[in-house]
1. Among the candidates LEU78, LEU95, LEU87, single out the residue that is in contact with a Leu (Cβ under 9 Å, 6 or more places away or on another chain), farther than 14 Å from ALA3 by Cα, outside any helix (DSSP H, G or I) and of a type in the set (A, V, I, L, M).
2. Only one of these conditions is not met by GLU69: (1) more than 11 Å from the chain's Cα centre (by Cα); (2) within 18 Å of THR25 (Cα to Cα); (3) of a type in the set (Asp, Glu). Which number is it?
3. Of the residues in region 9-34, how many are under 24 Å from ASP107 (Cβ atoms), surrounded by 12 or more Cβ atoms within 10 Å (Cβ to Cβ) and not aliphatic (A, V, I, L, M)?
4. Scan region 98-108 residue by residue and report those that are touching a residue at least 12 places away in the same chain (Cβ under 8 Å) and in a helix (DSSP H, G or I).
5. What pairs can you find where one residue is in region 1-22 and more than 12 Å from VAL36 (Cα to Cα) and part of a helix (DSSP H, G or I), the other is of a type in the set (A, V, I, L, M, F, W, C) and at pLDDT 95 or above, and their Cβ atoms are less than 7 Å apart, with a gap of 6+ or different chains?
6. Do you know which residues across region 31-71 are touching a residue at least 60 places away in the same chain (Cβ under 8 Å) and out of contact with any helix residue (DSSP H, G or I) (no Cβ under 8 Å at 6 or more places or on another chain)?
7. For region 23-45, give me each residue that is more than 24 Å from ALA57 (Cβ to Cβ) and either charged (D, E, K, R) or outside any helix (DSSP H, G or I) (or both).
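The values are calculated or read from the model by the stated rules, or taken from the named source; none is laboratory data. Since the structure is predicted, the reported quantities are computational estimates derived from the model, not experimental observations. Don't worry about glycine lacking a Cβ; one is built from the backbone with ideal geometry, like all the others, and counts go over all protein chains shown.
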Amino acid sequence: MGALDAVSVRAALTAAADEAERAKTAQRMTDDATTVIGVRMGTVFAIAKAHTAMDLAEVDRLLDSEAYEERMVAVSVLDFKARSPRLTTDERQSLYELWMRRLDRIDTWDYVDRSAPRVIGLFLLDRPREVLFDLARSPDR
């Protein structure tokens, strides 16, 4: 595999795009700003798994995308990284901080469901969880 960056993720997603899948996924979108490439979720997750070693700056770049699947790869990479039993406390904190800083782009329940349990949950497991209550009380979904 070549570079583990946002460009290679985009290329892999584009290569796997399917019009029928795009139409099916687009029906679920409620945000007109979100574009859909048209890649099956199993393929999206496989692309994310292949990019697990991607630098967090590249994950951040993917979160800037308007494409649903690119952001799903981003949160999936965070999830795969968070699953590592060898993750240091600092690395786990970096995942948590990126996720929290980019809540503006983690804006569907699909993204939250895919990444929050391990990225947020495992980080907060032995820490104060007031932030979860703050998020739950927020009027912004």
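1. Numbers: LEU78 fails: outside any helix (DSSP H, G or I); LEU95 fails: outside any helix (DSSP H, G or I).
Answer to the selection: LEU87.
2. Every listed condition holds for GLU69 apart from (1).
3. Number of matching residues: 7.
4. LEU98, TRP99, MET100
5. Sorted first by the residue in region 1-22, then by its partner, the pairs are ALA6/LEU62; VAL9/ILE47; VAL9/LEU62; VAL9/VAL73; ALA12/ILE47; ALA16/VAL39.
6. ASP31 - this is the single residue of region 31-71 that is touching a residue at least 60 places away in the same chain (Cβ under 8 Å) and out of contact with any helix residue (DSSP H, G or I) (no Cβ under 8 Å at 6 or more places or on another chain).
7. LYS24, GLN27, ARG28, MET29, THR30, ASP31, ASP32, VAL36, GLY38, ARG40
For (1) surrounded by fewer than 19 Cβ atoms within 10 Å (Cβ to Cβ); (2) of a type outside the set (Gly, Ala, Ser), each residue gets a yes or a no:
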residue	(1), (2)
PHE45	yes, yes
LYS49	yes, yes
LEU56	yes, yes
LEU63	no, yes
ALA74	no, no
LEU78	no, yes
SER84	yes, no
